[in-house]
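To start, the structure itself, in structure tokens.
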Amino acid sequence: MSELPAGVERRPFDGEERLATQGPPVYGEPTANGWRAWDARRSKLGAMLETGMDTGLVGGETVLYLGAASGTTVSHVADFAGPTYAIEFAARPARDLLDAAAPRDRLFPLLKDARTPETYAHVVEPVDVVIQDVATRGQAAVANANARFLDEGGLLLAAIKARSEDVVADPSAVFERELDTLREAYEIRETARLEPFHEDHLGVVARRRG
């Protein structure tokens with residue numbers, strides 16, 4: 001099991017050890033003594049940590065989060081990371097994202113489309129990590145387009161959703177195709193299926209090429 005980043009711990013909730021971060025609750029998760037449980041079944045990054053992937057996260061990184069939705073995962077990230085830019089395209093979940101960000105001075109929501117990073121390049125500073133959880137076709141292409149925010153060796157943590165790419169194709173074939181595209185901009189360091197937490201999802205850890 002890989003080491004957890006600083007600010008993420010395993011804490012007891014109702015007699016069960018669970019991933020947790022310190023911060024106000026966002027989605028009805030259990031809390032205890034200022035800590036909030038991190039539900040891996042509702043978070044791809046949480047599932048990557050639970051399955052023991054070496055994410056390379058140490059805590060305190062500057063983060064660009066693509067596909068923030070209503071803030072479930074990105075709120076946990078902002079609890080232990082540095083400045084965290086949260087990109088979300090849909091207006092309805094973005095309203096909930098604003099609520100999650102209100103008590104977090106390091107979380108910056110942006111109502112933007114991750115497929116067009118030029119629309120937020122004037123706002124987002126260079127980051128240490130891009131975390132991607134978008135539900136659209138061309139997921140690898142989105143990650144490649146946002147590599148511009150990473151220095152050489154910067155970290156990509158992505159969840160590739162097979163059914164968002166092709167609802168009938170074999171997931172393994174979809175994953176290989178997307179990984180091939182990612183290799184245009186990144187060196188793949190580790191991959192792992194995210195079952196039992198998320199069906200037909202592949203967790204990816206990669207570094208930006210020079």
For residue 132, enumerate residues with amide H under 5 Å from its amide H, sequence gap 5+ or separate chain, H modeled in the peptide plane. 66, 157, 158, 159
Pairs of alpha-carbon atoms within less than 8 angstrom and 6+ residues apart define the contacts here; what relative contact order does region 99-152 have, in percent? 37
The residues 72, 191, sorted from fewest to most surrounding Cβ atoms within 10 Å, come out as 191, 72
Region 14-19 - phi-based ³J(HN,Hα) in whole Hz, Karplus 6.51/-1.76/1.60, Gly and Pro as x: 6, x, 10, 6, 9, 4
Between residue 86 and residues 5 or more places away or on another chain, the pairs with built amide H atoms under 5 Å apart involve 65, 108, 110
Region 39-95: proportion of alpha-carbon pairs further apart than 14 angstrom, %: 56
Assuming 0.36 nm per residue, please report the length gained on full extension of the stretch residue 195 to residue 135 beyond their Cα-Cα distance. 19.9 nm
By Cβ neighbour count within 10 Å, fewest first, 180, 133 rank 180, 133
Where does each of 77, 142 land when they are ranked from fewest to most other beta-carbon atoms within 10 angstrom? 142, 77
Any idea what diffusion coefficient the chain gets from Stokes-Einstein, in µm²/s, Kirkwood Rh on alpha carbon pairs, 20 °C, 1.002 mPa s? 126
Please list, ordered by chain and number, the residues whose modelled amide H lies under 5 Å from the amide H of residue 186; skip anything fewer than 5 residues away on the same chain. 209
Theoretical ellipticity at 222 nm over the chain - DSSP helices of four or more residues, -39500 (n - 2.57) apiece, nearest 500: -6500 deg cm²/dmol
Expected vector for region 114-124, Karplus 3J(HN,Hα) from phi with 6.51, -1.76, 1.60 and θ = phi - 60°, integer Hz, x for Gly and Pro, equals 4, 6, 10, x, 5, 7, 10, 5, 7, 9, 7
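The numbers here are math on the coordinates, done by the rules we state, and not lab data. Since this is a predicted model, take the numbers as computed values, not measurements. As a convention, Cβ positions derive from the backbone with ideal geometry for all residues, glycine included, and neighbour counts pool all protein chains shown.
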